[in-house]
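Accompanying notes for the structure given below.
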Amino acid sequence: MTNRHLLGIEGLSPPKITALLDLAENYVLLNRSGKTQRDLLRGRTLINLFFEDSTRTRTSFELAGKRLGADVINMSVATSSVSKGETLLDTAATLNAMNCDLLVVRHNQSGAPALLAQKVEASVINAGDGTHEHPTQALLDALTIRRNKGRIDGLTIAICGDILHSRVARSNFLLLTMMGNQVRLVGPPTLMPAEVGSLGVTVHHDMREGLAGADIVMALRLQKERMSKGGMVPSAREFFAFYGLNAEKLAWAKPDALVMHPGPMNRGVEIDSAVADDPVRSVIKEQVEMGVAVRMAVLESLARGTLWND
Amino acid sequence: MTDFLVGDVTLATPEGLLRGDLLVRDGRIAGLGPTLGRPDGVELITAEGAILAPGLVDIRASLGEPGYEYRETFASAARAAAAGGITTIAVLPDSQPAIDDPALVRLIAARGEELGSVTLVPYGAATRGCAGAELAEYGLLKAAGAVAFTDGRRTIASSRLMRRALSYASAFSARIVQHPEDAELAEGGAATEGARATIMGLPGIPAAAEAICVARDLRLAELTGGAIHFAHVTTGEACALIRQAKDRGVHVTCDTAPPYFDLNETAIGDFRTYAKFSPPLRAEADRQAILAALADGTIDAIASDHQPRDADDKRLPFAEASAGGAGLATLLAVTLAQVKAETLTMHQALALLTEKPAKWLGIDAGVLRRGAVADLCLFHPEKSWLVEAGKLPGKAQNTPFDGRALEGKILGTWKAGRRVFG
């Protein structure tokens, strides 16, 4: 049943990831050539079901669906804390009645897409659930890395900042360790998930140590909205002083190390504008472009069942 | 009411398992021992290979009523209890309204008497409305029949209030029952903190939250001379603290429940909300430690920890789903799995479900002896049955053991000599 859906990187295998990246690579070329493939998903319905605000991911899926010829509908569901639960399963029943083929879900609760996947007939794609996973982000990051470094194994990748609240960090370290890279998580202990060091990554609280010799430096957004009372770091300026990625800290990584960020950025908090906008080192804009291609590959694979049936 | 003789059966007596007969007359045990012989006009009940035990005594369950009748009612819980061999239930007070008034205490007991198949022993609220702010009326509540005082699933969080509760309750020789989790550390948590919660992206509660609360309350019990009971202990660290405190003579007792010695945190994989509990399921090492503490006597009883929930409470994203499992029908069989595994002897397992909790509650039950009220549970330790959510007795179907084949089938339950199941 999980083969019908993309709920997380957990459950994928290196050959499947490679196949997805290869397919996405073709879409990069196709997109750049201005051609479209509007017959692939013609007559299929894709619903973007977003329980949480998003501009970039939703637009990216919308574009991916449209380029493949799908009928794309965006649904933003306002969530009141009281009715969230009912909304989710009631929505599932509604979507079944609409004969939706592909359902892209973002939700602020870990496991919400998995719950929906049990109830809907459509293929569910997790577009970010709580602090759990964001698999298409990890795939687009992998594609960006592979295109720039020529490989997606044997690299040292530092993921920095608010690891605790980051579904991007989880999907990324799952994918990158699975493909044979060294992943370092860098941040203050209060923003590090419990026992994460037992999951195949190394944990660093010192940026110099964490960045030393890294091929890729990935900064994550400091998710102030998820921090409960009391705060997990004393202030944004203290965080920037010790963990904000600027030119000085980037110099600790390899000279050709690339800078990545899943967006949206808090400039001056986890990343300095000079680094984020550096035309040579930063591939942040390319990540966005890869996002559309990767999502086209995911949608095609799920809709046609080509990749998921071994 | 018919008199009957259960013939040629294994009797679970305080001295151990004995082969023999048990005679019930006028609702009481008229005799037990090898080959009693059947008097005229007495029905004979036989069951090859079965064990006759006292009716089980469950020291902690929520029954839904009053306030949550959509989850369970006294009547539906009584059916589940009878099917599970349980003849006495101590009922938690954190209902709606909370049981913080003598009239409400008497209501619970009276509803049990009306049902006739199960004795309901009421807990009183430790604080008014179980809200954690003001002491409840322990003296009046105890006089009305409250057996001990607790805020149920809610931790008595304030050290100052806990000190006063223990101190004041000691005047009435009453126990305070604590849900041992440091409230601030546990706030917002959905699973035990660790690699599993991390990979699932769930907010964690450190296992140490239990030991921190236990350590504080043990010290407060010593300070006040009060008596403390820890409900559903789940960690090795808490058991070690309680073991040491018992050795020093602190008035402390504790219990656990089947999910904590049968399951570990891996049961929540794939966001299975039916395995969401409060406190949450723990790491395997803690499960093992709970088994050791059951075997060495640190833990005084096994409770069903019955928390009825309906599908709408559970079919939610994990962190939003309600915690708790239905436990009445599976209490005996899940415990007997540890006899099969040779972690506990049959005698130990049954004592933890009958004699020890009855003694803790201070009630005349849980022992097979001449003259005692005939609350009985006849079961076959090797006969198996399948746990199926949707087909469990009673209203609550939220079992974490769905799909499990369990050995230990209840053949009959008697309340004061009247057959209420089988």
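So the values come out like this:
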{"read-out": "Residues satisfying the stated conditions in the stretch B:33-83, i.e. small (Gly, Ala, Ser) and farther than 14 Å from B:Val118 by Cβ", "value": "B:Gly33, B:Gly37, B:Gly41, B:Ala47, B:Gly49, B:Ala50, B:Ala53, B:Ser62, B:Gly64, B:Gly67"}
{"read-out": "When residues of the stretch A:167-193 are limited to those that are small (Gly, Ala, Ser) and in a loop (DSSP other than H, G, I, E, B), the one surrounded by the fewest Cβ atoms within 10 Å (Cβ to Cβ)", "value": "A:Gly180"}
{"read-out": "Subset of the stretch A:26-42 (residues that are assigned to a helix (DSSP H, G or I) and surrounded by fewer than 11 Cβ atoms within 10 Å (Cβ to Cβ))", "value": "A:Leu29, A:Arg32, A:Ser33"}
{"read-out": "Tally of residues being within 14 Å of chain B (Cβ to nearest Cβ) and within 25 Å of A:Ala251 (Cα to Cα) across the stretch A:189-212", "value": "5"}
{"read-out": "Qualifying residue in the stretch B:166-177 (condition: out of contact with any Pro (no Cβ under 7 Å at 6 or more places or on another chain), of a type in the set (A, V, I, L, M), within 14 Å of another protein chain (Cβ to nearest Cβ) and farther than 20 Å from B:Val214 by Cβ)", "value": "no"}
{"read-out": "Tabulated pairs, the stretch B:295-309, first more than 16 Å from B:Val252 (Cα to Cα), second at pLDDT below 95 and not in a strand (DSSP E or B), C-beta under 6 angstrom, 6+ apart or interchain", "value": "B:Pro308/B:Gly64"}
{"read-out": "Test for B:Ala240: is it more than 14 Å from chain A (Cβ to nearest Cβ) and in a loop (DSSP other than H, G, I, E, B)", "value": "no"}
{"read-out": "Strands (runs of 3 or more DSSP E) lying entirely in the stretch B:1-53 (those with 1 or more residues that are more than 14 Å from B:Arg370 (Cβ to Cβ) and under 30 Å from the mean Cα position of the chain (by Cα))", "value": "B:4-13, B:16-25, B:43-46"}
{"read-out": "Pairs where the first residue, in the stretch B:187-205, is more than 8 Å from chain A (Cβ to nearest Cβ) and the second is aromatic (Phe, Trp, Tyr) and assigned to a helix (DSSP H, G or I), C-beta under 7 Å, 6+ apart", "value": "B:Ala190/B:Phe318"}
{"read-out": "The stretch A:86-119, residues that are within 14 Å of chain B (Cβ to nearest Cβ) and β-branched (Val, Ile, Thr)", "value": "A:Thr87, A:Thr91, A:Val105"}
{"read-out": "All positions within the stretch A:194-221 that are assigned to a loop (DSSP other than H, G, I, E, B), over 18 Å from the mean Cα position of the chain (by Cα) and crowded, with 23+ Cβ neighbours inside 10 Å", "value": "A:Ala214"}
{"read-out": "In the stretch B:216-251, residue farthest from B:Ser62 (Cα to Cα) [restricted to those that are among the β-branched types (Val, Ile, Thr) and buried (at least 24 other Cβ atoms within 10 Å of the Cβ)]", "value": "B:Ile242"}
{"read-out": "Identity of the residue in the stretch A:138-153, more than 18 Å from the chain's Cα centre (by Cα) and outside any helix (DSSP H, G or I), that ends up surrounded by the fewest Cβ atoms within 10 Å (Cβ to Cβ)", "value": "A:Gly150"}
{"read-out": "Number of the condition not met by B:Ala144 [criteria: (1) within 19 Å of B:Ser173 (Cβ to Cβ); (2) out of contact with any helix residue (DSSP H, G or I) (no Cβ under 9 Å at 6 or more places or on another chain)]", "value": "(2)"}
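The values are calculated or read from the model by the stated rules, or taken from the named source; none is laboratory data. What you see is a predicted model, and the numbers here were worked out from it, not measured in a lab. With ideal geometry, Cβ positions are generated from the backbone for all residues, glycine too; neighbour counts draw on all protein chains shown.
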